Amino acid sequence: MKRIWLVRHGQSQSQSGESDDQLNPDLSDRGVHQAKRLIEPLKDLNLDLILLSTLRRAWKTYQLSEAKASRVEFDSRVIESDWERQGWY
């Protein structure tokens, strides 16, 4: 049986008010802490595939989580759809 894990990126600097970059902000200090909290729950998983949005905060969350998978791919289909609807992409 396959399982699907959904993990959202950590808090971004635009969410915390640290940056005006609404399109592709980095993680806030809190977001970095949140991403590192993923290390323990993900460490023993044997993941086949990790799909990442192309946004900086998703990539940084993945790196800090130390998640391991057979394949890691960027996929623009997992970007929040509201951005696209509002004409920001």
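The values are calculated or read from the model by the stated rules, or taken from the named source; none is laboratory data. Model, not experiment: these values are computed from the prediction. Note that each Cβ is placed from the backbone with ideal geometry, even for glycine, and that neighbours are counted across all protein chains shown. Calculation scope for accessible area: heavy atoms of the full protein, side chains included, ligands and nucleic acids excluded. Shrake-Rupley method; radii C 1.70, N 1.55, O 1.52, S 1.80 Å.
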Open item on the list: Before I look further, what does region 26-73 give for accessible area per residue, probe 1.4 Å, in whole square angstrom?
Closed with: 64
Open item on the list: How long are the semi-axes of the equivalent ellipsoid of the chain, taking √(5λ) for every eigenvalue λ of the Cα gyration tensor, in whole Å from largest down?
Closed with: 24, 17, 9
Open item on the list: Tell me the angle of helix 56-65 to the major Cα principal axis of the chain, expressed in degrees between 0 and 90 and rounded to the nearest ten.
Closed with: 30
Open item on the list: If I model a spin label as a point 7 Å beyond the Cα along the Cα-Cβ vector, how far apart are those points for Asp44 and Met1 in nm?
Closed with: 1.8
- [ ] Over all alpha-carbon pairs of region 13-59, lay out the pair-distance distribution in 5 Å bins, whole %, shortest bin first.
- [x] 5, 19, 21, 23, 16, 9, 5, 1
